[in-house]
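Worksheet: one structure, shown below.
Nothing in this text is a laboratory measurement; each read-out follows from the coordinates by a stated rule. Only a predicted model underlies this, so the values are computations on that prediction, with no experimental measurement involved. Positions of Cβ are backbone-derived with ideal geometry, glycine not excepted, and every protein chain shown enters the neighbour counts.
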Amino acid sequence: MTFITGPLWSGKREFACRLLGCGPEELAARAVWDVQALAAGCGDLAALADALAARYEAVILTEEGGGVVPADGGQRAAREAAGRLACLLAARAECVVRVFCGLPLVLKGECNL
């Protein structure tokens, strides 16, 4: 599994299409995105990470929490869960790529860019 992360609207899905050699219409069968939303309220992040890594060729997570810390405790907990899920996915991935401004940066492993 390849784990792709980066800020909102940074080109993560377009990169995943290039990496997997598919179009946007086929991407949903081979990849999942916005998994940070699945982390909120998840009781077992490790099991979620295992399931995502086993099911998809690419898992895409939008980075959260790089700015102002929300006053709402629920929003803070959701951001923390998303960050912990990102760590678990990165540990399970053969390749980790951060996409910023449409440019991929390999953080772990080797990807055929």
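When the chain is treated as a GNM, springs tying every alpha-carbon pair under 10 Å, which of Glu25, Glu63, Glu94 comes out with the largest mean-square fluctuation?
Answer for the Gaussian network model of the chain: Glu25.
Within a Cβ distance under 12 Å of Gly23, other residues only, what is the Lys/Arg minus Asp/Glu net charge? Intermediate values should be presented prior to the final figure.
Working: positive: Arg13, Arg18, Arg30; negative: Glu14, Glu25, Glu26.
Local net charge: 0.
About the Cα centre of the chain, what is the dipole size in debye to 20, counting +1 per Lys and Arg Cβ and -1 per Asp and Glu Cβ, all else neutral?
Numbers: 11 positive and 13 negative charges, 33 e Å.
For this selection, approximately 160 debye.
How far is it, in nm, from the label point at Trp9 to the one at Ala54 when both lie 7 Å from their Cα along the line to the Cβ?
3.8
Per the Kirkwood formula on distinct C-alpha pairs, the Rh of the chain is how many angstrom?
By the Kirkwood definition, the hydrodynamic radius is 14.2 Å.
With Cβ to Cβ distances under 12 Å as the rule, what net charge do the other residues near Thr62 carry (K, R +1; D, E -1)? Walk me through the intermediate numbers first.
Values: positive: Lys12, Arg13, Arg79, Arg98; negative: Asp34, Glu63, Glu64.
Here the count lands on +1.
Unpartnered cysteines of the chain (Cβ-Cβ under 4.7 Å counts as a partner)?
For the chain, the answer is Cys17, Cys22, Cys42, Cys87, Cys101, because their Cβ atoms have no other cysteine Cβ under 4.7 Å.
Excluding Ala93 itself, calculate the net charge of residues whose Cβ lies under 13 Å from the Cβ of Ala93, where each Lys or Arg counts +1 and each Asp or Glu counts -1. Can you show the working numbers first?
Values: positive: Arg92, Arg98, Lys108; negative: Asp50, Glu57, Glu94, Glu110.
Surrounding charge for Ala93 is -1.
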